[in-house]
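I have placed the structure first, in the form of structure tokens, so that the comments after it can refer back to it.
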């Protein structure tokens, strides 16, 4: 059934337009996060008069009202409209499937022949063993009648050895050939399964109605949206601490299940999201009224919180593992994509033509590399963990937004783990962790914890603490360590906390969102050690039960 996508101008003879098959190919694809614009090109020789160019084989996921047509050529043709027809049939790709099945059958026949060769070689080995054993027994029984010379025994041993070696070589040769053939069989099976998955897929035929003033060549370019396509960013985040540089490598994981393969296309990945932001938000009145208690309803039994959190965490880890692919090999030149910065988005054109099959298999394409100057430091919170964690802070000066996605994290050439890269707009600040730096030693000790009572009339319990933290730089270069510790914060006016003299003053002001957390930035020369002390007391009326004391 045909659905009209454009108003056709009434011209003489249009109803009698001749149908002309126009073999086409997909030339370019721009992939967005959840949709793709496909450009299909056909070159034909047009006769004069009204013609309907039929471009067959388009995806059933084609969005009908998204079709756009352009054309040029010597035929002096004008495009009057376009329509689309949905074609359903189980034999859309039957020819390709039959060819793939024949190829698989031939490979299986070769495998059976090799298996026969292998069994024949093994049977030959067993026959030689049996012949040697039988001959030896017979000659041993008849030694009294006729003796056996050493030459006869030597000839027998030489014959058996030659036959055994020849049979073993034939068996090895058959096994090696079967291993190589097995890989080809698996590839042929995968290709056949992909074609069989497409066999029942519907296709669409695009009909372009035009008129040619004279015979001549004509190139028509049809672009349309397909919904079953998209791309996701995958990152490599690499810290070069000696250069104070964070290097981000952006890859696109492109996947589509439209049913039509993109073979050798000009591929571009865009950060734009078509359809988003077209509705301008408007505020509606916000009404308030006297509170009326709702009627009580029976409450459902809550799900076990621990099990739910554990299941959510496992699902999140599985999703990150599925999306994030193994890091690519290093040490080779990777041509970067050409980036075009628009008003609201950025587009990356792949440096060469790419192919993405239509069965949903993801294709990983390198797009760009962004080196950024970084402020490198170490952060340690020895109250929780004695390690000092290497961190880097950089400003996004690439001119393009850094999209959120899974990142493989490297320290130099060493892979240290995976993390989630947050969305960072141009000019925004990016913070990344690169694992524990074992060359920074941090040791925290509570060297004093004393309890006493004070007061003449009303007695108070007083707990005094003295905490000592030693930080040593074992790296061959200067290093800055941001050290975090805390004093308790009271929620009761009768429980008073006081920082005592002798405490090392913090170098950063206290964050009002994190009361009690104290921070020191310690610049350390190679092999230098610095010590921070924290002294405080907790005072409350005697006999008061207090929680949270160290």
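The values are calculated or read from the model by the stated rules, or taken from the named source; none is laboratory data. This structure is a prediction, so every number in the text was calculated from the model and none was measured. Because the Cβ atoms are built from the backbone with ideal geometry, glycine has one as well, and the counts that use them run over all protein chains shown.
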- Query: For the stretch 351-385, which residues satisfy the criterion of being more than 30 Å from residue 437 (Cβ to Cβ) and either outside any loop (DSSP other than H, G, I, E, B) or in the same structural domain as residue 486 (by TED's automatic domain parsing) (or both)?
  - Reply: 354, 355, 356, 363, 364, 365, 367
- Task: Those residues that are touching a helix residue (DSSP H, G or I) at 6+ places or on another chain (Cβ under 8 Å) and either modelled with pLDDT under 70 or not in a helix (DSSP H, G or I) (or both), I need them from the stretch 153-176; list them, please.
- Result: 156
- Message: I'm told residue 371 meets every condition in (1) closer than 26 Å to residue 524 by Cα; (2) touching a residue at least 60 places away in the same chain (Cβ under 8 Å); (3) surrounded by fewer than 17 Cβ atoms within 10 Å (Cβ to Cβ) except one. Can you identify the failing condition by its number?
- Response: (1)
- Item | Matching residues in the stretch 513-528 - criterion: being exposed (fewer than 13 other Cβ atoms within 10 Å of the Cβ), more than 12 Å from residue 480 (Cβ to Cβ) and more than 38 Å from the chain's Cα centre (by Cα) | 515, 526, 527
- Scope the stretch 66-82; condition surrounded by fewer than 18 Cβ atoms within 10 Å (Cβ to Cβ), modelled with pLDDT of 90 or more and either on the phi > 0 side of the Ramachandran plot or not in a strand (DSSP E or B) (or both); matching residues: 66
- Message: Among (1) out of contact with any helix residue (DSSP H, G or I) (no Cβ under 9 Å at 6 or more places or on another chain); (2) part of a strand (DSSP E or B); (3) within 30 Å of residue 273 (Cβ to Cβ), there is one condition residue 416 misses while meeting the rest; what is its number?
- Response: (3)
- Task: Might you let me know whether the stretch 27-43 holds any residue that is over 27 Å from residue 352 (Cβ atoms), touching a strand residue (DSSP E or B) at 6+ places or on another chain (Cβ under 9 Å) and crowded, with 17+ Cβ neighbours inside 10 Å?
- Result: no
- Exactly one of 391, 398 is outside any strand (DSSP E or B), in contact (Cβ under 8 Å) with a residue 12 or more places away in the chain and surrounded by 17 or more Cβ atoms within 10 Å (Cβ to Cβ), and that one is 398
